[in-house]
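Before any comments, here is the structure.
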Amino acid sequence: MPRFQPWAHARDEALRGLRGVLTDIDDTLTCEGAIEPAALAALHRLSEAGVPVIATTGRPAGWSEPCVTDWPVRAVVAENGGVLLQRTQGGGVLREFTVEPPERAARWQRLQACAAEILATVPGATLATDSPGRLTDIAVDHSEHAGLDAAGIAATLACMRRHGLTATVSSIHVNGWIGEHSKWSGAHWAVQRALGRGFDATEWLYVGDSTNDQLMFERVGASVGVANIARFVPQLAVLPAWVTAAERGRGFAEVAERLLAVRASPR
C-alpha cells in the first residue's frame, strides 16, 4: 500500500482548485472532546477568506448542535450521514434526516435491540456517554471514557452487522446505523443544502484521523490525515494523500495555513 506524503510536500498546483474543506471532528479538530484553540482560529480564518467548511462526524445530533451555532462552519453532518444540521437566520439549528419519522421510529427499535444484545454479550461493552443525543444510530465506547480491547471491538462490529447495521470504528466509538448513508453521502447532501450547488469531490479537501474516514480518503483525492492517524495505520486499507506534522487541531490548523497561503500566492 502506498504511503502518504507529508502535507508540507503537497504541490501548490494540487491545492489551487480547491473551493472548500470537509473535516472530521473528534481528534481532528478536538482533543479530549473540546475543540483546540488552534483549530477554532483556523476555522475563523477559513471563513473570513470565503472558504466554506463542512464538518462530518459520527457524533450525535444533540452533541453537534453547539458546533453549528458556535463555530464558523456552514453545516455539520452528524451520525455518519444520518442527520444534517444547519444554523438558521435566527441563530437556531435546523435538523434534516435521510428518512421520514415512521421509518426512523422503526429503525430506532432495531437499533435498541442491537444495543441490548451488545451490552449483554460483549464483555466490557458500554454505550457512549453521548448516546442520549443520538437519533439515528448507536455508539459503543472504546477509547473515550471506557476501554474496549480489539476482541471487544470485533465482537461489537460482528453483532451490529448481524442486526443488519452498517458499522464503523472512529477514534473513540464503534458506530452502527441502518441505511446506506455515510460521510460520503452526507457531503453531497450538505454541499447541496448549505451551498446550493452539486458536490464535486475535486473541489474539496478532506481532513480526518481514523478508520471511519477511509471512504472519504478513497473518494476525495485531496485528503489529509492529522498526525495522530498513525495509531490507525495498521487498520487502514486506504490512506489519505498527505499527513500533517502536528496532531489533532494543530494539524488542522497546519492544513488551513497552507491552503490559505496557496490561495494568497500569485499563480
(request) Of the numbered conditions (1) in a loop (DSSP other than H, G, I, E, B); (2) surrounded by fewer than 23 Cβ atoms within 10 Å (Cβ to Cβ); (3) of a type in the set (A, V, I, L, M, F, W, C), Ile25 fails exactly one; give the number of that condition. (result) (2)
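What residue, of Thr129, Thr156, Thr166, is β-branched (Val, Ile, Thr) and crowded, with 18+ Cβ neighbours inside 10 Å?
On the way: Thr129 fails: crowded, with 18+ Cβ neighbours inside 10 Å; Thr166 fails: crowded, with 18+ Cβ neighbours inside 10 Å.
Answer to the selection: Thr156.
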(request) Provide a single number: the residues in region 210-235 that are closer than 13 Å to Thr168 by Cβ and in contact (Cβ under 8 Å) with a residue 60 or more places away in the chain. (result) 6
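Given the options Val174, Val220, Val191, name the one that is more than 20 Å from Asp26 (Cβ to Cβ) and surrounded by 23 or more Cβ atoms within 10 Å (Cβ to Cβ). Working first, answer last.
Details: Val174 fails: more than 20 Å from Asp26 (Cβ to Cβ); Val220 fails: more than 20 Å from Asp26 (Cβ to Cβ).
Exactly one residue qualifies, and that residue is Val191.
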(request) Go through the residues of region 55-67 one by one and say whether even a single one is in contact with a strand residue (DSSP E or B) (Cβ under 6 Å, 6 or more places away or on another chain), hydrophobic (A, V, I, L, M, F, W, C) and either closer than 24 Å to Phe232 by Cβ or open to solvent by 10 Å² or more (accessible area, probe 1.4 Å) (or both). (result) yes
(request) Take Ala151 and decide whether it is within 19 Å of Arg231 (Cα to Cα), out of contact with any Gly (no Cβ under 9 Å at 6 or more places or on another chain) and open to solvent by 20 Å² or more (accessible area, probe 1.4 Å). (result) yes
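Could you check, for region 1-15, whether at least one of its residues is surrounded by 22 or more Cβ atoms within 10 Å (Cβ to Cβ) and free of Cβ contacts under 8 Å to residues at least 24 places away in the same chain? Quick ask: steps written out before the conclusion?
Initially, region 1-15 is screened for residues surrounded by 22 or more Cβ atoms within 10 Å (Cβ to Cβ), giving 7.
Subsequent filtering for residues that are free of Cβ contacts under 8 Å to residues at least 24 places away in the same chain retains none.
The answer is no; no qualifying residue exists.
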(request) Specify the residue that is farthest from Asn175 (Cα to Cα); the eligible residues are those in region 73-91 that are in contact with a Ser or Thr (Cβ under 9 Å, 6 or more places away or on another chain) and open to solvent by 30 Å² or more (accessible area, probe 1.4 Å). (result) Gly91
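Quick one: is Asn212 open to solvent by 10 Å² or more (accessible area, probe 1.4 Å), under 30 Å from Pro101 (Cα atoms), assigned to a helix (DSSP H, G or I) and not aliphatic (A, V, I, L, M)? Give the steps one after another, and end with the answer.
Working: open to solvent by 10 Å² or more (accessible area, probe 1.4 Å): yes; under 30 Å from Pro101 (Cα atoms): yes; assigned to a helix (DSSP H, G or I): yes; not aliphatic (A, V, I, L, M): yes.
When the stated conditions are applied, Asn212 passes them.
With respect to Gly90, is the statement that it is in a loop (DSSP other than H, G, I, E, B) and small (Gly, Ala, Ser) true?
Working: in a loop (DSSP other than H, G, I, E, B): yes; small (Gly, Ala, Ser): yes.
Spelling it out, Gly90 is indeed in a loop (DSSP other than H, G, I, E, B) and small (Gly, Ala, Ser).
The values are calculated or read from the model by the stated rules, or taken from the named source; none is laboratory data. All values derive from a computational prediction rather than experimental measurement. Ideal geometry is used to build each Cβ from the backbone, glycine not excepted, and the neighbour counts take in all protein chains shown. Only protein heavy atoms, including side chains, enter the accessible area calculation; ligands, DNA and RNA are left aside. Shrake-Rupley method; radii C 1.70, N 1.55, O 1.52, S 1.80 Å.
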